[in-house]
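Below is one structure, written out as structure tokens; comments come after it.
The values are calculated or read from the model by the stated rules, or taken from the named source; none is laboratory data. The model shown is predicted, which means the values in this text are computed figures rather than measured ones. Note: ideal-geometry Cβ built from the backbone for every residue, glycine included; neighbour counts use all protein chains shown.
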Ligand SMILES: Nc1ncnc2c1ncn2[C@@H]1O[C@H](COP(=O)(O)OP(=O)(O)O)[C@@H](O)[C@H]1O
Ligand SMILES: [Mg+2]
């Protein structure tokens, strides 16, 4: 499909389903999910715990296989990728932010942000410059040489946001990015994440149980027992 309305959809899921089988019992976690996100849009999906949010985001990120349906993101047919291809897709086209920061404890904030750039072959000089710029954008220019243990929870999550953008990805996926933070830090991290992706015209797909995060989205959808619908 090449008409402009479809090419402008940088994320597109068609009839995506997922069933988990545990102890012989089948649980339908995603049911015929349709999702299209326009390039540069901020889409927030809210839902209660267990509604399938992480499963959906992991499928978009090529971290989990679909049961059925198709997933197209930034020119990749994600549902067809093998593990190696999926890793390449993530490294080049995606930025990921999770509830837990996953920073490497023996590396400084600057090095943590630079690491994904090394993995795609960016020079040290360029990676350093980009990482410093991103850390400044999340207000951490005074913390670049700090190790994760020397940072607050909110600061660690801001480093994770900077790291997600280092490879200039088309799409940022965020799974409960403020889930471990208090209200004030949650608001700060959300603001910085939204400002960064909007300032750089990235597409953001964010899933959370926290409906407050949806108030600044371009689109708000809800997952209920695996069924995705408009609010
Ligand atoms: N690997 C798995 N095996 C079996 N069931 C799973 C697995 N991952 C998730 N589930 C089940 O799928 C449902 C949705 O989980 P999840 O996507 O993590 O929801 P959410 O992120 O909205 O809390 C839950 O009922 C969960 O127990
Ligand atoms: Mg989850």
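Based on this model, can you work out whether residue 67 counts as surrounded by fewer than 20 Cβ atoms within 10 Å (Cβ to Cβ), touching a strand residue (DSSP E or B) at 6+ places or on another chain (Cβ under 6 Å) and closer than 20 Å to residue 229 by Cα?
Yes; evaluated as a whole, the condition is true for this residue.
Restricting to region 203-228, name every residue that is more than 16 Å from ligand 2 (Cβ to nearest atom) and farther than 14 Å from residue 44 by Cα.
Once the filter is applied, which keeps residues that are more than 16 Å from ligand 2 (Cβ to nearest atom) and farther than 14 Å from residue 44 by Cα, region 203-228 yields only 227.
Going by what's in this entry, would residue 120 be described as more than 16 Å from ligand 1 (Cβ to nearest atom) and either surrounded by 20 or more Cβ atoms within 10 Å (Cβ to Cβ) or at positive phi (or both)?
Taking the combined requirement at face value, the residue does not satisfy it.
Out of all the residues in region 189-209, which are crowded, with 17+ Cβ neighbours inside 10 Å and either at pLDDT below 95 or within 14 Å of ligand 1 (Cβ to nearest atom) (or both)?
205, 206, 207, 208, listed by residue number.
What are the residues in region 120-153 that are farther than 22 Å from residue 200 by Cα, part of a helix (DSSP H, G or I) and touching a residue at least 24 places away in the same chain (Cβ under 8 Å), if any?
Result: 148, 149, 153.
Checking the conditions here, which among 90, 77 is closer than 14 Å to residue 169 by Cα and at pLDDT 95 or above?
Exactly one residue qualifies, and that residue is 90.
Of the conditions (1) in a strand (DSSP E or B); (2) surrounded by 15 or more Cβ atoms within 10 Å (Cβ to Cβ), residue 229 satisfies every one except a single condition; which number is it?
If we test residue 229 against (1) in a strand (DSSP E or B); (2) surrounded by 15 or more Cβ atoms within 10 Å (Cβ to Cβ), just (2) comes out false.
Can you name the residue in region 37-62 that is in a loop (DSSP other than H, G, I, E, B) and within 16 Å of ligand 2 (Cβ to nearest atom) and, of all such residues, is nearest to residue 218 (Cα to Cα)?
Per the stated criteria, the residue is 47.
Return yes when residue 78 is over 14 Å from the mean Cα position of the chain (by Cα) and more than 9 Å from ligand 1 (Cβ to nearest atom) and no when it is not.
For residue 78, the condition - over 14 Å from the mean Cα position of the chain (by Cα) and more than 9 Å from ligand 1 (Cβ to nearest atom) - is met.
Find all pairs meeting these conditions: Cβ atoms under 6 angstrom apart; at least six residues apart or on different chains; first residue within region 15-33 and more than 12 Å from residue 68 (Cα to Cα); second residue more than 16 Å from ligand 2 (Cβ to nearest atom) and assigned to a strand (DSSP E or B).
26/19
Yes/no matrix, rows are residues, columns are (1) within 16 Å of ligand 1 (Cβ to nearest atom); (2) within 17 Å of residue 167 (Cα to Cα):
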{"residue": "31", "(1), (2)": "yes, no"}
{"residue": "74", "(1), (2)": "no, yes"}
{"residue": "82", "(1), (2)": "no, no"}
{"residue": "106", "(1), (2)": "no, no"}
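Anything in region 36-59 that is away from ligand 1 (no atom under 12 Å from the Cβ) and under 14 Å from the mean Cα position of the chain (by Cα)? List them, or say none.
Correct list: 37, 40, 41, 42, 43, 44.
Return yes when residue 65 is over 14 Å from the mean Cα position of the chain (by Cα), under 30 Å from residue 113 (Cα atoms) and part of a loop (DSSP other than H, G, I, E, B) and no when it is not.
Judged against the criteria, residue 65 is a match.
Out of the residues in region 117-131 that are at pLDDT 95 or above and touching a helix residue (DSSP H, G or I) at 6+ places or on another chain (Cβ under 7 Å), which is farthest from residue 169 (Cα to Cα)?
The selected residue is 128.
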